[in-house]
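A.B. asks: Before we start, here is the structure in question, set down as structure tokens.
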Amino acid sequence: MQINQDRYKDHLMTLAEIGKIGETGVNRLAHSKDDRKAVDVVQGWMKEAGLTTRIDGFGNLIGRTEGTEPDQPILMMGSHIDSQPYGGRFDGTAGALGAIEVVHTMKEQNIKPVRTIEVICFADEEGSRFNKGVFGVRGLIGQLEEGEILRKDKNGMTRLEALREFGVEPDLSESPVYKPGDIEAFLELHIEQGPVLESKDKPVGIVSAISGPIWLTVTLEGFAGHAGSVPMHLRQDAMLGAAIITKEFNELVRREGTPNTVGTVGSIQNFPNSRNIIAEKVEFTIDLRDIDLDARNRLEEKLYQLIEKTSKELNLDYSITEDTKSDPRYCADWIKEIMKKHDEQLGYQSPTLMSGPFHDALFMSYISDYGMIFVRCEKGISHNPLEYAEMEDLQKGVELLYHTAMEIAGA
Ligand SMILES: [Zn+2]
């Protein structure tokens, strides 16, 4: 291996100590004191890797090494180092520290890339603290929303105050920082957060696309009644409607979806939620994803039909609100080709797979071509202290990142 496996491992384990909870957990909320501590430590590692560093007004940590042709669009790599409140050691950090390791290795080998390289640790990817994430990357590409700097955390502190406490002065007029054409490619390595690589017995995967979710909230309204007295044929049972839709939606996705389609009813609210009252109003969420937009649209249409049909049969009123609808974003073919070539030379035989969860890379895709490398993680567990990836798998992923970056940066 070209990369320094011990150094990478050491960095990962050292970072896991900051905000550590229990034996293997991490709680490093965005812009918090522990987040700042982590940024300071990682900034030190960036400097050791030969990078000139800055922390911008959004809380992003960026390291830069000038290429021999500084006018060329740059190569950017990285991920995030904030965590969920009850998170693991590898989510984000694997890729952020992997990117630093790549540049450090280049420096040690006296490689001077043609393109300028920037390594980034995006601020607040997770979104747990202010209930809205990918803040840093959206700042960079000009996708911040009106007033979002005044969103509050559960203690009433605004993001603005939190960023000041973190040690930066936010200036939203700096957004966007990068425009289309500035960046030749963005590369992100991340743990898979799913079970596909494990099931294929492969340490590394090349990502084809990040799937786009549709998020709906469905409300069914019937009529409350005494569970003991209203005969079955006279009921308007909203709970029953939700149950039928949930089951038939699941069957629809299994039967008519592509191998990549996933559909989930994950949250449900019931009124009045009493054991001896027929449910009057039930509200539940639907999450539907695929990288094949046509397939997803087809299923969405059938889902609407299913909701209408079920409501009619049970004499319920229904309404559907669309909370989110984003398109899948495809990794650039030319980057995947470079990855595949080096993957073959490294002898990994990595499969191609899609990403169900989104990542900072999804947002970078609006201004740059992008590629992603996934690393196997145990049972697909993530956002949980039990999250675990084998160091050997992580190192293999970073090695592939290294070769990919070398080729794109012209080294
Ligand atoms: Zn992540």
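A.B. asks: Restricting attention to segment 4-43, which residues are closer than 30 Å to ASP343 by Cα, of a type in the set (A, V, I, L, M) and surrounded by fewer than 20 Cβ atoms within 10 Å (Cβ to Cβ)?
C.D. replies: MET13, ALA16
A.B. asks: Sort out which residues of segment 205-244 are farther than 30 Å from GLU313 by Cα and either out of contact with any Leu (no Cβ under 6 Å at 6 or more places or on another chain) or of a type in the set (Lys, Arg) (or both), and write them in order of number.
C.D. replies: Residues of segment 205-244 that are farther than 30 Å from GLU313 by Cα, as a first pass: 205-212.
Those that are farther than 30 Å from GLU313 by Cα and either out of contact with any Leu (no Cβ under 6 Å at 6 or more places or on another chain) or of a type in the set (Lys, Arg) (or both): ILE206, VAL207, SER208, ALA209, SER211, GLY212.
A.B. asks: Follow-up. Residues of segment 48-72 being surrounded by 17 or more Cβ atoms within 10 Å (Cβ to Cβ) and either acidic (Asp, Glu) or within 18 Å of LYS179 (Cβ to Cβ) (or both), which ones? Break it down stepwise before answering.
C.D. replies: First, pick out the residues of segment 48-72 that are surrounded by 17 or more Cβ atoms within 10 Å (Cβ to Cβ): 49, 51, 53, 55-65, 67.
Hits for segment 48-72 are ASP56, GLY57, PHE58, ASN60, ILE62, ARG64.
A.B. asks: Name the residue that is surrounded by the fewest Cβ atoms within 10 Å (Cβ to Cβ), counting only residues in segment 350-388 that are touching a strand residue (DSSP E or B) at 6+ places or on another chain (Cβ under 6 Å) and aromatic (Phe, Trp, Tyr).
C.D. replies: PHE358
A.B. asks: Quick check on my filter: what residues within segment 158-206 are part of a loop (DSSP other than H, G, I, E, B), of a type in the set (D, E, K, R) and within 16 Å of the ligand (Cβ to nearest atom)?
C.D. replies: Here is the first cut: in segment 158-206, the ones part of a loop (DSSP other than H, G, I, E, B) are 167-171, 175-182, 192-195, 201-203.
Filter again for of a type in the set (D, E, K, R), leaving 169, 171, 179, 182, 192, 201-202.
Residue satisfying the conditions is GLU192 alone.
A.B. asks: Can you find a residue in segment 137-147 that is within 16 Å of the ligand (Cβ to nearest atom) and in contact with a Leu (Cβ under 9 Å, 6 or more places away or on another chain)?
C.D. replies: Taking every residue of segment 137-147 in turn, at least one turns out to be within 16 Å of the ligand (Cβ to nearest atom) and in contact with a Leu (Cβ under 9 Å, 6 or more places away or on another chain).
A.B. asks: Related question: Please list, ordered by first then second residue, the pairs with beta carbon atoms under 6 Å, 6 or more apart or interchain, first in segment 377-388 and more than 15 Å from ASP201 (Cα to Cα) and part of a loop (DSSP other than H, G, I, E, B), second aromatic (Phe, Trp, Tyr) and at pLDDT 95 or above.
C.D. replies: Going by the 6 Å Cβ cut-off, the qualifying pairs are GLU387/PHE90.
A.B. asks: Taking LYS341 as the residue in question, decide whether it is assigned to a helix (DSSP H, G or I), surrounded by fewer than 20 Cβ atoms within 10 Å (Cβ to Cβ) and not assigned by TED's automatic domain parsing to the domain that holds PHE223. Show your work before the answer.
C.D. replies: On the way: assigned to a helix (DSSP H, G or I): yes; surrounded by fewer than 20 Cβ atoms within 10 Å (Cβ to Cβ): yes; not assigned by TED's automatic domain parsing to the domain that holds PHE223: yes.
Yes, satisfied.
A.B. asks: Looking only at segment 120-151, count how many residues are basic (Lys, Arg) and in contact with a strand residue (DSSP E or B) (Cβ under 9 Å, 6 or more places away or on another chain).
C.D. replies: Of all residues in segment 120-151, those basic (Lys, Arg) come to 129, 132, 138, 151.
With the extra rule that they be in contact with a strand residue (DSSP E or B) (Cβ under 9 Å, 6 or more places away or on another chain), the set shrinks to 151.
So the count comes out to 1.
For (1) hydrophobic (A, V, I, L, M, F, W, C); (2) more than 16 Å from the ligand (Cβ to nearest atom); (3) within 19 Å of the chain's Cα centre (by Cα), each residue gets a yes or a no:
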site: GLU308; (1), (2), (3): no, yes, no
site: TYR318; (1), (2), (3): no, yes, no
site: LYS325; (1), (2), (3): no, yes, yes
site: MET339; (1), (2), (3): yes, yes, no
site: GLN345; (1), (2), (3): no, yes, no
site: TYR348; (1), (2), (3): no, yes, no
site: ALA361; (1), (2), (3): yes, no, yes
site: MET391; (1), (2), (3): yes, yes, no
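A.B. asks: In the set ILE245, ILE335, ILE307, ILE320, which member is touching an Asp or Glu at 6+ places or on another chain (Cβ under 8 Å) and either farther than 26 Å from ASP201 by Cα or in a helix (DSSP H, G or I) (or both)? Outline the logic, then answer.
C.D. replies: Details: ILE245 fails: touching an Asp or Glu at 6+ places or on another chain (Cβ under 8 Å); ILE307 fails: touching an Asp or Glu at 6+ places or on another chain (Cβ under 8 Å); ILE320 fails: touching an Asp or Glu at 6+ places or on another chain (Cβ under 8 Å).
So the residue among ILE245, ILE335, ILE307, ILE320 that is touching an Asp or Glu at 6+ places or on another chain (Cβ under 8 Å) and either farther than 26 Å from ASP201 by Cα or in a helix (DSSP H, G or I) (or both) is ILE335.
A.B. asks: Pull up segment 363-376, narrow it to residues that are aromatic (Phe, Trp, Tyr) and not in a strand (DSSP E or B), then point me to the one that is nearest to the ligand (Cβ to nearest atom).
C.D. replies: PHE363
A.B. asks: Could you count how many residues in segment 277-313 are surrounded by fewer than 19 Cβ atoms within 10 Å (Cβ to Cβ) and over 24 Å from THR352 (Cα atoms)?
C.D. replies: Selection size over segment 277-313: 14.
A.B. asks: Here is a follow-up. Spot the failing condition for GLY397; the list is (1) within 16 Å of the ligand (Cβ to nearest atom); (2) surrounded by fewer than 22 Cβ atoms within 10 Å (Cβ to Cβ); (3) not hydrophobic (A, V, I, L, M, F, W, C), and only one is missed.
C.D. replies: Exception for GLY397: condition (2).
A.B. asks: I'd like the full set of residues that are within 13 Å of LYS302 (Cβ to Cβ), surrounded by 17 or more Cβ atoms within 10 Å (Cβ to Cβ) and of a type outside the set (A, V, I, L, M), limited to segment 249-269. Break it down into steps so the answer makes sense when it comes.
C.D. replies: To start, the set of residues in segment 249-269 that are within 13 Å of LYS302 (Cβ to Cβ) comprises 249-257, 261, 263.
Still in the list and also surrounded by 17 or more Cβ atoms within 10 Å (Cβ to Cβ): 249, 252-253, 257, 261, 263.
Answer for segment 249-269, where residues must be within 13 Å of LYS302 (Cβ to Cβ), surrounded by 17 or more Cβ atoms within 10 Å (Cβ to Cβ) and of a type outside the set (A, V, I, L, M): PHE249, GLY257, THR261, GLY263.
The values are calculated or read from the model by the stated rules, or taken from the named source; none is laboratory data. Given the structure is predicted, the values throughout are model-derived calculations rather than measurements. In this analysis, Cβ positions are derived from the backbone assuming ideal geometry, glycine residues included, and neighbour counts consider all displayed protein chains.
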